[in-house]
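So the structure is just underneath, and the comments pick up after that.
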Amino acid sequence: MKQLIRVTILAVVIIGTASNYVNAQCKGFAKSMCKKELGAYLHDGNYHAAVLVEGEEAELYKTFYSDMEYRVAICGAEGLPPIEFSVLDATGKVLYNNKNDDYKRIWDFKLEASQQLKIVVKVSTFETSGEIPASGCVAIMFGFKTK
């Protein structure tokens with residue numbers, strides 16, 4: 001019984017350490033590869049990144065303030081299928097969907113009123129089936145212009 005408890009504890013520690021390592025690598029990817037997509041926009045200081053598998057989606061809520069210019073930039077690891085992202089307001093109205101814009105990875109916008117928006121990121125799927133699904137780091141970066 002003690003052997004089983006030791007093995008279980010060891011497995012939990014290994015899984016936890018591996019998970020932290022993968023998240024750290026993904027944030028490093030965001031810093032080194034994605035931050036430059038913000039161009040002249042000032043980075044907000046947060047790195048939102050996660051490992052996603054094709055067909056999987058993630059969502060994030062962020063507050064944006066009126067009369068400021070913003071840029072949302074999405075980037076993904078090489079080998080992933082196109083990454084779709086949508087920006088929705090509190091009522092669920094789609095303000096932008098890059099699927100309608102040839103999967104463009106950057107969207108610049110300005111709001112008339114401060115509000116919390118929902119950003120949904122989805123890794124689309126390759127047309128081939130029966131293979132191991134692609135996975136990789138996907139990052140969402142936010143920038144703003146100062147007046």
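The values are calculated or read from the model by the stated rules, or taken from the named source; none is laboratory data. All of these numbers come straight from a predicted model, not from anything done at the bench. Every residue, glycine among them, receives a Cβ derived from its backbone with ideal geometry; neighbour counts consider all protein chains shown.
Among the residues of the range 97-135, those that are under 16 Å from GLU37 (Cβ atoms) and touching a Phe, Trp or Tyr at 6+ places or on another chain (Cβ under 6 Å) comprise ASN98, TRP107, PHE109, VAL121. Quick one: is GLY76 at pLDDT below 95, exposed (fewer than 14 other Cβ atoms within 10 Å of the Cβ), under 29 Å from GLN25 (Cβ atoms) and within 16 Å of the chain's Cα centre (by Cα)? Here the answer is no, as GLY76 does not meet what is asked. Within the range 51-72, residues that are surrounded by 14 or more Cβ atoms within 10 Å (Cβ to Cβ) reach partners that are among the basic types (Lys, Arg) and assigned to a loop (DSSP other than H, G, I, E, B) with beta carbons closer than 6 Å, at six or more positions or on different chains, in the pairs GLU69/LYS145. The residue that is modelled with the lowest pLDDT, counting only those in the range 10-48 that are assigned to a helix (DSSP H, G or I) and aromatic (Phe, Trp, Tyr), is TYR21.
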